[in-house]
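The values are calculated or read from the model by the stated rules, or taken from the named source; none is laboratory data. Since the structure is predicted, the reported quantities are computational estimates derived from the model, not experimental observations. When we count neighbours, we look across all protein chains shown, and the Cβ atoms used for this are built from the backbone with ideal geometry, even at glycine. Keep in mind that these areas ignore ligands, DNA and RNA; they rest on the heavy atoms of the full protein, side chains included. Shrake-Rupley method; radii C 1.70, N 1.55, O 1.52, S 1.80 Å.
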Protein chains: 4
Amino acid sequence: MAAVDEDLRERVLAAHRAILAAGLVTLTFGNASAVDRAAGVMAIKPSGVPYEALDAEAMVLVELASGDVVAGAYSPSSDAPSHLVLYRRFEALGGIVHTHSPYATAWAQAGRELPCLGTTHADHFDGPVPVTRQLRVDELEGAYEESTGEVIVEAIERRGADPLDLPAVLVRSHGPFAWGAGIEQAVENAVALEAVAALAFRTLALSPAAPELDAALRGRHFRRKHGPGAYYGQP
Amino acid sequence: MAAVDEDLRERVLAAHRAILAAGLVTLTFGNASAVDRAAGVMAIKPSGVPYEALDAEAMVLVELASGDVVAGAYSPSSDAPSHLVLYRRFEALGGIVHTHSPYATAWAQAGRELPCLGTTHADHFDGPVPVTRQLRVDELEGAYEESTGEVIVEAIERRGADPLDLPAVLVRSHGPFAWGAGIEQAVENAVALEAVAALAFRTLALSPAAPELDAALRGRHFRRKHGPGAYYGQP
Amino acid sequence: MAAVDEDLRERVLAAHRAILAAGLVTLTFGNASAVDRAAGVMAIKPSGVPYEALDAEAMVLVELASGDVVAGAYSPSSDAPSHLVLYRRFEALGGIVHTHSPYATAWAQAGRELPCLGTTHADHFDGPVPVTRQLRVDELEGAYEESTGEVIVEAIERRGADPLDLPAVLVRSHGPFAWGAGIEQAVENAVALEAVAALAFRTLALSPAAPELDAALRGRHFRRKHGPGAYYGQP
Amino acid sequence: MAAVDEDLRERVLAAHRAILAAGLVTLTFGNASAVDRAAGVMAIKPSGVPYEALDAEAMVLVELASGDVVAGAYSPSSDAPSHLVLYRRFEALGGIVHTHSPYATAWAQAGRELPCLGTTHADHFDGPVPVTRQLRVDELEGAYEESTGEVIVEAIERRGADPLDLPAVLVRSHGPFAWGAGIEQAVENAVALEAVAALAFRTLALSPAAPELDAALRGRHFRRKHGPGAYYGQP
């Protein structure tokens, strides 16, 4: 195993602090991870430890291929197998953030995909954010957390999307997973997802038949920020 | 009477600070208590004192059996008799938190039990959180606070539940009571209850017919955190 | 004129800080006042000065009988005449708080009285909080602010209530006025009004036909805190 | 070119801090600008830079006539062309604030103009806040940001309004733009717009047929604060 990037655990700690400050998590809900592809290792939150008590050392290193803990005094998040499934299937992912944030989780509990109703959504997600199918009883009773990862993969592949163009999924009856090329982008996408979930909630309360954003406008906004023609941000 | 645990009042103070910081209480709404079973004593908030003015000394010690104040310069919370009824009936309870929190109280005022619509709920409560029956006029006009305790007990026993598996009840037209093996768990359950009450409010706004969580998934989540097969948190 | 109580302006300043901290006001919305009956003087917020810039000296002293400014470098709140009408009509009032708070103002704009749906409401208001009638064009175009005070008085008198038992009114299309025996109680009532306005909003969303609190329970709660048989708080 | 006002960038920085503190923006959403008419220059947020990382030097100076950057190390906000269209068409504008604030953006996404339902609205906006028409495909695919500015101008001119009497527009499917005689007034109007968007959201939830404010009352409130007969604030 190559040496693990020195910053990996610090970046995962910073992500946890950011999602706490953004109001996306409370108590011990949620978890974030980042991967070091060269070392074949993921750093993730320890299970059940309050956010206020976390430090970089507390982050658990887990081998990507085997799922074994390779360093850390704690047990990893019980959701670690879901993260591993996503990192293994989608090579482009560098970080994953799972929360029970107030509005995105409501959409997940309602079993509704999150429609793209405005440019804030289109700036981050190139289409509606999908909701996973219900788990079968054998999945629930077996390797539950792996199965959660599998249905996320299914939801992205069913859409035929590049996972970095559609960097979030709502796990039905559970809550959102967001990701990015790095953990910093995963945090940004988790924050944006919650903002657009709240906007969409209010939009449909005001206008239950509000139309989805025109595809041309959606593409224009997504491409302002993403891909070769992007002109948002600094060169 | 055995000597009362030295930390008891400090822990009750910390609980009040925690529910204030979590936004569950304002003005002088709500109260928390913890019990020292060996000493036969409960420590509880003084009545009508603002949260900002509380210190450990202000917490009132009340004898569990008689309801008499055994130490403290203040009168205990007017809801103290409700707490005593719960401690006497349910031996497993170590702490109780009563709030008028924004969403759980709305469910109580609506007279609706809180359905289990997602895994956040199932992580803490093994089924819908019940709402008490309406008090009769003789109960209202007599020992009102004791009667409040009695209808909470009724709501748990009607469900046939272990009170630590269903650690909260909504008192109709009033607000939530939550509890735990210790006051720290009671605070956690009060915070979780408010979070799931808010999630359920938004879920039903998005999807009025949202189904309750499948019993298999609910059991899986509750058992991840509770009982002999639990694997959430640190060993 | 007797000497004005030294603390009067400090207490009015503290009230403004409290309603800002409680989230009841933003920008230059709202205003609070307190009266010194012996001196025949009211202290009130200067008009249009941001909350952050207020100090005790900025509070304007206005003679109760004439409405003339008797001390202060600023012009008084444009709503000062509404306050004067209330102080003149109701001798028991010692302080008044007017806000545009998020939920109470929504009820005022909806032109709906605030129903008593739970014990939190009954702890502070002995019945539904009334909404004023619409102003006539001659009232609007004439002494608008005095007329605002007059319709508040009408709303209380139409109910036959003691103003300290029903210490708030919603001014239609405008926002809430709350009061108390002192300005500290007026602040408490303004905070409680906003809390119960939010609770009632959510309660009716969950259960549009939620019944008003039983009169016996409402009386029980109000009398726990108010009047000769009160047993809430410290003796 | 005349020397640019020394304070211009400091004032634009202060505006960004104010809208962040007021909860109107998150991540890199939104942008504010101010104009120096004598110098023919606008100062605006750099594109995609987080609010926490902004300082006065980071603000980009753009020539009003040409749209060229005349000073600054960064690229200007991608929305800069929308701001330029507004400054060129409306001579009275001194500052512009664009946000994706939680409630105003929901109205924009719902494609509904914001009705005037109360005096808080009338204190700032002399009539409903309009929503722009949908952009045509050629506008979307061409000079998108200029077209956004054009439809804002159209919405104000269609109403026949003085832009300082109606200092905000909702851009359909996007979010609000607010402005003022100076950037400080633009910030105040953006904050007020979000407050009244939230109030109107709740008002219609309570009373879907709530009437618009009577024109006489609306005029009375607007004229209390604006124009030759204003008597709100300090002389």
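Among B:126, B:79, B:165, whose mean-square fluctuation peaks in a Gaussian network model of chain B (Cα, cutoff 10 Å)?
B:165
Please work out the Cα convex hull volume for chain D and give it in Å³ per residue. Walk me through the intermediate numbers first.
Details: hull volume 30.8 nm³, N = 235.
Residue-normalised Cα hull volume stands at 131 Å³.
What number comes out for accessible area per residue over the protein assembly as shown if the probe is 1.4 Å? Units Å², please. It would help to have the intermediate numbers written out before the result.
On the way: 33370 Å² over 940 residues.
Here the per-residue accessible area is 36 Å².
What percentages make up the Cα-Cα pair-distance distribution of the protein assembly as shown when the bins are 10 Å wide from 0?
Once binned at 10 Å, the Cα pair distances of the protein assembly as shown give 2, 11, 19, 22, 21, 15, 7, 1, 0.
With all protein chains present, calculate the accessible area of residue A:225 using a 1.4 Å probe and round the result to the nearest 10 Å².
Roll a 1.4 Å probe over it and residue A:225 shows about 50 Å².
Which distances, in nm and shortest first, link the residue A:134 label point to the same label point in every other copy, taking 7 Å along Cα→Cβ?
3.6, 3.6, 5.0
Could you pull the copy-to-copy label distances for residue B:37, with points set 7 Å along Cα to Cβ, in nm to one decimal and sorted shortest first?
Result for residue B:37, in nm, nearest copy first: 5.5, 5.5, 7.8.
What value, in deg cm²/dmol to 500, does the helix sum -39500 (n - 2.57) over DSSP H runs of n ≥ 4 give at 222 nm once divided by the residues of the protein assembly as shown?
Result for the protein assembly as shown: -12000 deg cm²/dmol, rounded to the nearest 500.
Sort out for me the Cα centre separation of region A:140-155 from region A:40-100, rounded to whole Å.
Their Cα centres are 16 Å away from one another.
For region A:45-103, what percent of Cα pairs sit more than 13 Å apart?
Details: 1107 of 1711 pairs.
Across region A:45-103, Cα pairs with separations above 13 Å total 65 percent.
Residues of region C:111-125 losing 30 Å² or more of accessible area relative to the isolated chain, 1.4 Å probe, heavy atoms only?
Residues shielded by partner chains are C:112, C:117, C:119, C:120.
Let me see the pair-distance distribution of region D:159-235: every alpha carbon pair, 10 Å bin width, integer percents in order.
15, 41, 37, 7, 0
Give the B-C buried accessible area in Å², both sides summed, 1.4 Å probe, nearest 100. Don't jump to the answer; show the numbers that get you there.
Details: alone 10910 and 10900 Å², together 19250 Å².
Summing both chains' loss of accessible area gives about 2600 Å².
With springs connecting C-alpha atoms under 10 Å apart, model chain C as a Gaussian network and identify which of C:77, C:66, C:147 has the largest mean-square fluctuation.
Maximum fluctuation in the GNM of chain C, among the listed residues, is at C:66.
How big is Rg to Rh over region D:10-149, alpha-carbon atoms, Rh as the Kirkwood inverse-mean-distance radius?
On the way: Rg = 15.6 Å, Rh = 16.2 Å.
Here the Rg-to-Rh quotient is 0.97.
How large, in percent, is the carbon and sulfur part of the accessible surface of chain B at a probe radius of 1.4 Å? Could the numbers behind the result be given before it?
On the way: 4190 of 8350 Å².
Carbon and sulfur together cover 50 percent of it.
Give or take rounding to whole Å, what are the principal axis extents of the alpha carbon atoms in region C:1-85, in descending order?
The principal-axis extents, from largest down, are 36, 23, 22 Å.
With the label 7 angstrom out along Cα to Cβ, how close does residue C:67 come to the same site in each of the other copies, in nm, nearest first?
Computed spacing set for this position: 5.5, 5.5, 7.8 nm.
Over its Cα atoms, what ratio of radius of gyration to 2.2 N^0.38 Å does region B:23-69 give? Numbers along the way, then the final one.
On the way: Rg = 11.6 Å, N = 47, 2.2 N^0.38 = 9.5 Å.
Relative to the 2.2 N^0.38 Å estimate, region B:23-69 comes out at 1.23.
Average partner chain C-beta neighbours within 10 Å, per residue of D:18-26? Let's see the in-between values first.
Details: counts 0, 0, 0, 0, 2, 0, 0, 0, 7.
Across D:18-26, the average partner-chain Cβ count within 10 Å equals 1.
Which chain D residue puts its Cβ closest to the axis that rotates D onto A, and at what distance in whole Å?
Result for the axis mapping D onto A: D:205, 5.
Taking springs between alpha-carbon atoms closer than 10 angstrom, which of D:169, D:70, D:35 fluctuates most in the Gaussian network model of chain D?
Highest fluctuation of the listed residues: D:70.
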